[in-house]
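The values are calculated or read from the model by the stated rules, or taken from the named source; none is laboratory data. All figures in this text were calculated on a predicted structure; none of them were measured in a lab. Note that we place each Cβ from the backbone using ideal geometry, even for glycine, and neighbour counts take in every protein chain shown. Accessible surface is based on the protein model in full, side chains and every heavy atom, while ligands, DNA and RNA are left aside. Shrake-Rupley method; radii C 1.70, N 1.55, O 1.52, S 1.80 Å.
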Amino acid sequence: MPFDRLATATTPTAHLGLGLAAVGRPAYLTLGREAELPVQRTPEAMRARTHELLDAAYAQGVRYFDAARSYGRAEEFLAEWLREHPEADDVTVGSKWGYTYVGEWRMDAEVHEVKDHSAAAFTRQLAESRELLGDRLDLYQIHSLTPDSPALTDSALHERLAQLAEEGVTVGFSTSGPAQADTIRAALGITVAGRPLFRTVQSTYNLLEPSAADALAEAHEAGLTVIVKEAMANGRLAGGQEPRDLHMAAEAAGTTPDAVALAAVLRRPWAGVVLSGAATVGALHSNLLATAVELDEDRLAALDQLAEEPEVYWRRRAELPWQ
């Protein structure tokens, strides 16, 4: 499996990945993003920013890059960078299908992405991803499964996903919403020909939304690689938006709030890869400081008090503006 090399890596930053949601399209729902990106977010400007981030991440030992069909032109930007850097043959590349980008490269689009977990959507988007990434596609994930997703019960889709796995691409899923734990457990029960279908799970987990922890531990115990997304809670845990207790913890540790927030996630024994969603090289370097942060049990216990009820957290997330 492509994640085996990360499991045995000696460089701490190999367990931090770079997610490209914030730089593959002009608008995204992350606080503070308007100050981090060019005023004119042309495809050329966003391509240049993406390549700067990939350069910096690879130089610092990051070895997992995460894209999606709905991240605008993220797959295209990543594919170009990979072609320009043949030496980066130790990178693990993941992408996702199930959402289609429909924002037409507009900041003010009424709808930015449309969800479709049908087998037809999978077939179409797999072809699109393969056209761009070719044999560099290591991991293909169902994007944002929820308990009501037809992808959990579509046996024909399961057979097609199992075929993809036979072709050498790792198959995984990501989750969203207040019932992530239910989704994870339902997906763990899916088998094809008596074998578990999924080998990875990517879920939202952070100091404000830790509700999937037990289910992620179960997934890890079942042999899945756990990828953590939105560890910064879409900007709510850094950049002056962070809660007072997190700010104080960062001051006590002599580091930044984002580094502490990421370090708290890295401490979880089931966290295989934790994604940075940085939009600037400076923010990326600050995120990578997480690997050197030491948090004692008292400080971790204090940070655990920041947790919100899942329904509250996801309602607040849905209210964030696309910036």
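In this simple spin-label model, placing a label point 7 Å from the Cα along the Cα-to-Cβ direction at both Asp298 and Glu167 gives a separation of 5.6 nm.
The fraction of Cα-Cα pairs per 5 angstrom bin, counted from 0 for region 70-124, comes to 4, 17, 19, 19, 17, 13, 9, 2, 0 percent, rounded to whole percents.
Straightening the chain between Asp108 and Asp245 buys 45.8 nm, computed as 0.36 nm per residue apart minus the Cα-Cα spacing. Shown are Trp105, Trp81, Trp314, whose ranking by accessible area with a 1.4 Å probe and every protein chain present, most to least, is Trp105, Trp314, Trp81. Take the Cβ atoms of Val281 and Glu159, set R0 to 56 Å, and the FRET efficiency comes out at 0.85.
Report the local net charge at Leu320: Lys and Arg +1, Asp and Glu -1, summed over other residues whose C-beta lies under 12 Å from its C-beta.
Taking every Cβ under 12 Å from that of Leu320, the sum is +3.
With viscosity 0.890 mPa s and temperature 25 °C, the Kirkwood radius over alpha carbon pairs of the chain converts through Stokes-Einstein to a diffusion coefficient of 125 µm²/s.
Taking each residue as 0.36 nm, the span from Asp90 to Asp182 lengthens on full extension beyond its C-alpha to C-alpha distance by 29.7 nm.
Pop the C-beta distance of Glu131 and Arg267 into the FRET formula with R0 = 30 Å and round what comes out to the nearest 0.05. Walk me through the numbers on the way to the answer.
Values: r = 40 Å, r/R0 = 1.32.
Calculated transfer efficiency: 0.15.
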